[in-house]
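Written out below as structure tokens is the structure these notes cover.
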Ligand code: SAM
């Protein structure tokens with residue numbers, strides 16, 4: 001099958017199947033072989049790897065993954081793409097396409113079935129409208145992972161790397177940095193996609209830590225505190241956390257915990273490091 005990273009081949013397939021792009025599924029297909037090569041190289045895909053691809057589209061990156069990995073599982077929500085994938089991936093016997101919503105599939109089960117429960121790699125040009133729930137879902141459900149190499153909106157890639165003091169610092173930064181080491185691999189301009197997105201993109205790799213960098217007694221509780229802190233970004237932590245009904249915390253309890261940590265009682269969540277959120281969660 002012709003390399004779909006070459007724009008003319010993608011156009012041929014789209015015309016052959018009279019394919020209509022679905023904006024609501026964030027469909028922007030890659031049409032740049034050098035970007036595809038860089039993603040495969042950054043993910044260090046070898047014949048030992050089982051790879052989960054989220055949103056294969058017409059199978060462009062899937063072809064590259066099938067060439068380099070032992071086993072590929074691709075989860076695609078759009079029914080209209082399934083017959084196309086059957087065609088574009090027909091010469092590969094190491095791929096399984098699942099027609100489903102990635103937020104609904106049991107990824108742990110896929111890892112069990114396809115890789116005997118051993119860690120897999122995730123590689124994807126993500127649908128941007130659900131980047132955060134996909135990443136949080138992968139981490140929070142403790143899927144055995146070696147790494148995640150993904151194309152995301154440039155601004156989101158930047159957010160994953162930020163620390164306190166930046167306006168882009170938030171719950172996603174803290175979640176990513178608790179679970180993994182983020183590294184931006186490449187910036188990718190809109191003309192590498194069809195159709196062109198109206199934002200810049202970046203490839204980012206997230207290498208899972210064996211042990212999180214901070215010790216926390218109750219991860220769920222810490223992320224509840226982090227979410228509540230950034231939901232009400234402009235409020236002090238004392239007000240923001242005591243206003244969040246799910247946390248059941250009084251103003252006095254939050255104030256006492258902050259003072260115990262040597263922090264000002266008027267501090268906002270955006271000023272706290274990951275270590276300080278862990279300590280606050282342990283103290284509360
Ligand atoms: N991987 C292809 C490429 O690089 O050319 C397509 C990438 S496109 C940005 C995102 C893909 O994710 C689309 O094929 C879209 O239909 C699919 N998608 C969107 N939402 C999804 C979901 N909830 N579950 C699985 N796939 C989804």
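The values are calculated or read from the model by the stated rules, or taken from the named source; none is laboratory data. This is a predicted model, so every value here is computed, not measured. We place every Cβ from the backbone using ideal geometry, glycine too, and count neighbours over all the protein chains shown.
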| Single condition residue 267 does not satisfy, out of (1) at pLDDT 95 or above; (2) over 30 Å from residue 11 (Cα atoms); (3) under 24 Å from the mean Cα position of the chain (by Cα) | (3)
| request: Answer yes or no as to whether residue 178 is in contact (Cβ under 8 Å) with a residue 60 or more places away in the chain, more than 13 Å from the chain's Cα centre (by Cα), more than 27 Å from residue 60 (Cα to Cα) and not in a helix (DSSP H, G or I). | output: no
| note | In the set 279, 246, the lone residue that is more than 22 Å from the chain's Cα centre (by Cα), surrounded by 17 or more Cβ atoms within 10 Å (Cβ to Cβ) and not in a strand (DSSP E or B) is 279
| request: Could you tell me which of the residues 175, 180, 186 is buried (at least 20 other Cβ atoms within 10 Å of the Cβ), at negative phi and touching a strand residue (DSSP E or B) at 6+ places or on another chain (Cβ under 7 Å)? | output: 180
| message | Just the residues that are in contact with a strand residue (DSSP E or B) (Cβ under 7 Å, 6 or more places away or on another chain) and either without any contact (Cβ under 8 Å) to a residue 40 or more places away in the chain or away from the ligand (no atom under 15 Å from the Cβ) (or both), please, taken from region 189-243. | response | 205, 206, 207, 208, 209
| task | Would you check which residues across region 213-226 are surrounded by fewer than 16 Cβ atoms within 10 Å (Cβ to Cβ) and part of a loop (DSSP other than H, G, I, E, B) and list them? | result | 213, 215, 217, 218
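Name the residue that is nearest to the ligand (Cβ to nearest atom), counting only residues in region 136-153 that are farther than 18 Å from residue 211 by Cα and surrounded by 19 or more Cβ atoms within 10 Å (Cβ to Cβ).
Applying the filter and picking the extreme gives 151.
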| Restricting attention to region 266-276, and to residues there that are without any contact (Cβ under 8 Å) to a residue 60 or more places away in the chain and surrounded by 14 or more Cβ atoms within 10 Å (Cβ to Cβ), which single residue is nearest to residue 164 (Cα to Cα)? | 269
| field | Count - residues of region 117-154 that are farther than 18 Å from residue 104 by Cα and in a helix (DSSP H, G or I) | value | 1
| request: Test residue 224 against the criterion of being out of contact with any helix residue (DSSP H, G or I) (no Cβ under 7 Å at 6 or more places or on another chain) and over 23 Å from residue 30 (Cα atoms), and give yes or no. | output: no
| said: Can you find a residue that is assigned by TED's automatic domain parsing to the domain that holds residue 20, touching a helix residue (DSSP H, G or I) at 6+ places or on another chain (Cβ under 9 Å), modelled with pLDDT of 95 or more and part of a helix (DSSP H, G or I) anywhere in region 189-209? | reply: yes
